[in-house]
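See structure below.
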Amino acid sequence: MTAGHPPPLAPVVALAGVLADVAYTLAAGRLRRRGDGWPRWRDGAFGTGVALLLWGWCGPLPGGPFTEHSARHLLVGMAAPVLLVLARPLALTLRNLPPGGPRRALLSVAHSRTAGWLLLPPLAAALHIGGAWALYGTGLMSVTHHHPPLDLLVHLHMVAAGLLFGFAVCQLDPVRRRRSLPLRAGTLLLAGAAHAVLAKGLYAAGPPGTAFTAGDLHTGAQLMYYGGDAVELLLAAALAAQWYAATGRRYARGPARGGHGAGLRVQRPRA
Amino acid sequence: MDEQRAHARRATEPRRSLAVCAVIGAAVMAAIDEIVFHQILHWHHFYDRSSDGVALLSDGLLHTAELLALVAGFVLFADLRRRHALSPAHAWAGLFLGLGAFQLFDGIVDHKLLRLHQIRYGVDVTPYDWAWNLAGLALLLVGAGLSVRAIRRGPRTP
């Protein structure tokens, strides 16, 4: 049983992660020096995201083989991507690039029709959760044990789909189309439910073609379930903070359009 | 003075205060259930395999909805506070209604109709079911009493 081993190319991933974090820190510092507001917690979120990604990809993780795989899946495909997305890497890059070819190219990708479709929340969720269902619900997981390239592909898909899902649900970066909050929150609800069902299913029966012990499956499935909760809470908090800030701006513009604006204008004298 | 009071009366939102706090109450009760009965006492089982796929799906939806409701409830509460629109009497009533409604729903629908898990295993579960559902009913009645009182008093400023 080799499910516990780290995915291939650990040194390359580690190097890429460290370089990305250094680049992010330098770029954020540059913005602050020129007077742009770029909160420091975003640097922290990016750094933590990179650290979790590297830990999940390269590091030793405790527990039996399935528990270890669950922890990897949770770190690489869920926790790290959300933290990276919250740091708004695309906006940072665009603000740092001078006008010219590379900036135009990046913008045209971000605003392309394909990106618009991929960032449609239900589609991004389907790619993310669908990938997990394919991995655990079919014989794919048992096949990856003997095929390192496939194993690499599965882990790369985890990271990419996790990032896409985070981008689509949070929509913090400038992309082609803004999607409404109900659509994004509804997608989060359905994706969270699918994740919970998947984790409970794995508690009862492991992926086809694998032979994990019952104790290992139970620990791994519960880790997946409650770890998923933590990531959902983080995403929900991000959406809630967006809503709170956006309604606050609407109140500040005046009560005529907002409807609820009356209470914000002045502190009422107590009767 | 009267004009000020009339303004205040318009500005508080009793219904919204009640509804938002009911959402918080339900989500808090769900969290208590998860933490106390699943994690601390280990009475509830994570999954006891006596439910079918539909029950599992509804459980997943409900569980995620609880998480989202907790966050949404608190941010909506913060919004009421920010606008000075919170009516405390209605808020308390809503909180108890939410706590009781979730407890009863969990006891009847989750435990008995969907059979997701039982309160405790290896013992006669009947007294536990009664205690569970009567506790829910008691919370619901407290909420109903507070609602009646809040409605009689009318909306007040915090």
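The values are calculated or read from the model by the stated rules, or taken from the named source; none is laboratory data. Computed from a predicted model, the values in this text were never measured in an experiment. Every residue, glycine among them, receives a Cβ derived from its backbone with ideal geometry; neighbour counts consider all protein chains shown.
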Looking for something more than 8 Å from chain B (Cβ to nearest Cβ), among the aliphatic types (A, V, I, L, M) and in contact with a Leu (Cβ under 7 Å, 6 or more places away or on another chain) - is there at least one such residue anywhere in the stretch A:240-251? no
Residues that are in contact (Cβ under 8 Å) with a residue 60 or more places away in the chain and closer than 30 Å to A:Gly35 by Cβ: which helices (runs of 4 or more DSSP H) entirely in the stretch A:56-169 hold 3 or more of them? A:80-86, A:89-96
Would you call B:Asp52 of a type in the set (Asp, Glu), without any contact (Cβ under 8 Å) to a residue 60 or more places away in the chain and crowded, with 19+ Cβ neighbours inside 10 Å? no
Taking the stretch A:204-217, which residues are within 14 Å of chain B (Cβ to nearest Cβ) and surrounded by fewer than 21 Cβ atoms within 10 Å (Cβ to Cβ)? A:Ala204, A:Ala205, A:Ala214, A:Gly215
Looking at the stretch A:37-50, can you tell me whether even one residue there is at negative phi, surrounded by fewer than 21 Cβ atoms within 10 Å (Cβ to Cβ), within 18 Å of the chain's Cα centre (by Cα) and free of Cβ contacts under 8 Å to residues at least 12 places away in the same chain? yes
So B:Asp106 passes all but one of these: (1) over 21 Å from A:Glu232 (Cβ atoms); (2) crowded, with 21+ Cβ neighbours inside 10 Å; (3) of a type in the set (Asp, Glu). Which condition number does it fail? (1)
Which of the residues that make up the stretch A:156-193 are farther than 30 Å from A:Val12 by Cβ, away from chain B (no Cβ under 14 Å) and among the charged types (D, E, K, R)? A:Arg176, A:Arg177, A:Arg178, A:Arg179
Filter the helices (runs of 4 or more DSSP H) completely within the stretch B:48-158 down to those with at least 2 residues that are over 19 Å from the mean Cα position of the chain (by Cα) and among the hydroxyl-bearing types (Ser, Thr, Tyr). B:126-153
Can you go through A:Asp151, A:Asp173 and tell me which one is touching a Pro at 6+ places or on another chain (Cβ under 8 Å), at pLDDT below 90 and under 15 Å from A:Gly77 (Cβ atoms)? A:Asp151
Just a yes or no: is a residue in the stretch B:116-135 touching a residue at least 12 places away in the same chain (Cβ under 8 Å), over 25 Å from A:Ala196 (Cβ atoms) and touching a Phe, Trp or Tyr at 6+ places or on another chain (Cβ under 9 Å)? no
